[in-house]
Amino acid sequence: MINTQRISIYDADDSPEARQFWWEARECRYQLMANEIIRWLVPDTQGHDDFMVSLALCARAADQCYPTAASSIIRSQPPTDETSRW
């Protein structure tokens, strides 16, 4: 998503969270697996990858969302009982 500009990460604001995110991003490594699967992680000896996991989950969720229709018509249904009129 980053290479196609469908996700942006803001510059660090010197908060502890931003520093941790960018540290994890620098330490993150990937492996190409069989069947075109990419595995990525921060090595256990280096720390954890919570922010990278969160980023991946957000990217996955965003990739599965579709924009709402620009307009739509919802048609009413006629009444089911014969005594009602519409």
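Taking one equal scatterer on every alpha-carbon of segment 17-61, how large is log10 of I(q)/I(0) by Debye at q = 0.20, 0.30 1/Å? The computed values of log10 I(q)/I(0) come out as -0.67, -1.11.
If you wrap the Cα atoms of the chain in a convex hull and average its projected area over all directions, you get 12.1 nm². Principal-axis analysis of the Cα atoms of the chain puts helix 50-63 at an angle of about 30° to the longest axis.
Rounded to the nearest 10 degrees, the inclination of helix 16-27 to the longest alpha-carbon principal axis of the chain is 70 degrees. For the chain, the relative contact order is 18 percent, taking Cα pairs closer than 8 Å that sit 6 or more residues apart in sequence and dividing their mean separation by the residue count.
Throughout, read-outs are computed from the coordinates displayed, never taken from laboratory work. Bear in mind that the values here come from a model prediction, so they are computed numbers and not experimental data.
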